[in-house]
1. Sort A:190-201, A:211-222 by packing, meaning the average of other beta carbons within 10 Å per residue, with the highest value first.
2. Taking K and R as +1 and D and E as -1, what net charge do the other residues with C-beta under 15 Å from the C-beta of A:Arg212 add up to?
3. How many Cβ atoms of partner chains, on average, are near each residue of A:153-162 if near means within 10 Å of its Cβ?
4. Once the label point is placed 7 Å from Cα along Cβ, list for A:Glu191 the distances to the corresponding points in the other copies, in nm, shortest first.
5. Tell me the label-point distance for the pair A:Leu226, A:Glu191, using the 7 Å Cα-to-Cβ offset, in nm and rounded to one decimal.
6. Based on the Cβ-Cβ distance of A:Arg212 and B:Lys49, what FRET efficiency does E = 1/(1 + (r/R0)^6) give at R0 = 41 Å, to the nearest 0.05?
7. Once you charge only the Cβ atoms, +1 for Lys and Arg and -1 for Asp and Glu, what is the size of the charge dipole of segment A:53-187 about its Cα centre, to the nearest 20 debye?
8. Placing +1 at every Lys and Arg Cβ and -1 at every Asp and Glu Cβ, with all other atoms neutral, what dipole size does segment B:158-236 have around its Cα centre, in debye to the nearest 20?
Number of protein chains: 2
Amino acid sequence: MSHFDPALSLSLARADCAACPIRHRAVCASCEGAELERLASMKSYRSWKAGETIALEGDALAHVGSVVTGCATLTRSLEDGRMQMVGLLLPSDFLGRPGRAVTPYEVVAATDVTLCLFERKPFERMLGEVPNLSSRLLEMSLDELDAARDWMLVLGRKTAREKVASLLANILHRAAAADRPLWAELPLTREAMASYLGLTIETVSRQITRLRKDGTIRLEGARVILCDDLSALLEAAGEDGDGTSPG
Amino acid sequence: MSHFDPALSLSLARADCAACPIRHRAVCASCEGAELERLASMKSYRSWKAGETIALEGDALAHVGSVVTGCATLTRSLEDGRMQMVGLLLPSDFLGRPGRAVTPYEVVAATDVTLCLFERKPFERMLGEVPNLSSRLLEMSLDELDAARDWMLVLGRKTAREKVASLLANILHRAAAADRPLWAELPLTREAMASYLGLTIETVSRQITRLRKDGTIRLEGARVILCDDLSALLEAAGEDGDGTSPG
DNA sequence: AGGGCGGCTTGACCTGCATCAAGGTGCGTC
DNA sequence: GACGCACCTTGATGCAGGTCAAGCCGCCCT
């Protein structure tokens, strides 16, 4: 499993920000002392209920920030209403675009969600003054870019079964850490999963049923999944489940 | 057409680097005087023939740089051989990952290609010393991220016809600037197009034929496309071709 | 308890694209 | 000129996943 990397679009949650109570990586990890305090004094928190829209495509963006609790989604859409989720934000993921005035995605709270926000303008000013901050954000952006490109492989080349298995494996990977058996409460509705996977809700439902009947996963209600054998799930996802990386 | 943005993965070619003979945006636009000279002294050039591999997935990366002439592709693949192109590099696009030791993609020359390269280590050192440089790279990474996410919408939700039309529109957009009628020589084989679009080579061929029979595009040989009516092509691509953006 | 509703599942059918197969075109080479 | 080869096109067929439709489950509300 060495080269299996969570492909969710914003899988930035590394455990390298222990000092910060809100795990605000972008900020915490790059500042010290007075700078950290100055940034901390700029923070504010805001919450949304599940289903609420945080920003529409094209909205002006006055803030940047990161997810403290909950789950939010980034979605792009075509004129005729077809939608594609392009990012999934989990706690510690960064949201916003230093240097950009508008968001090109719709941002929606998938569950109840709390964000830690900074006003964009002063944050951008700090970007120029604190060298570590922008290189930190650069690193995060490269992570996001890798994840987005991994997801392009999923969208372009995997079957419905593999897509669903990939998503479930990712969610388990991020949510479950080291529990045996692995389990997670799905933060997404079937509709949101379909939107992420480039499928329809019916196909997602059928593939989950099939994985359950196969014994690859178990369900408790519709929103809790358990997995006794991650390598079987990874194999269903089209990854090698055994830890060997071919050349 | 106001919100139609080229969705090719690395569409960073803005005309804001006029001063630099090689249009090396990431560097030119962020440095002045002595710094520019210092960076310039680190440059080297290297060329590859069409079809040659520039780097394999997992290769160590000793350089970063950008495309001077030609066209290169970034590809990810599954164990069973399925491949997905995740980025297309055209002149002025940046290649490489400051702070990263390996490339997660296979990089291949689609046409003969010349890169302008910097050794990664000294480049990274400069990143810390020249504040504008990392914020510049951050901006470029955010552009790439937007483009990758736009492409996720194409991969996940568009039909084969729309995918092909989207790709052709993008290539015309980048190659043709203001010519009427728009025309471009395709830098990609049908196979590479299929790889980018998540389709098979046969489907790409059929859809190009169909667009030609429709009168949406014209061909000269297999590799030169002409388009008299861009809005018709955009409509075939599932974009609105008339310049109005619905709320 | 009953009704309404959002979210999920299942079934029947259809279609768009993949697959398999054959043949065409242009170009370099002997 | 004709052979070989890479690239492209076209046709026939099959199937994965989309579409349409019906119904179930859990939950809130009164």
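None of the figures in this text is laboratory data; all of them are computed from the coordinates on show. As the structure is a prediction and not an experimental result, all values here were calculated from the model. Ideal geometry is used to build each Cβ from the backbone, glycine not excepted, and the neighbour counts take in all protein chains shown.
1. A:190-201, A:211-222
2. In short, +3.
3. So the per-residue partner count for this stretch is 6.
4. Sorted ascending, the copy-to-copy spacings read 4.4 nm.
5. Between A:Leu226 and A:Glu191, the label points sit 3.0 nm apart.
6. 0.20
7. Details: 15 positive and 18 negative charges, 59 e Å.
My answer is approximately 280 debye.
8. Numbers: 12 positive and 10 negative charges, 38 e Å.
Its charge dipole is roughly 180 debye.
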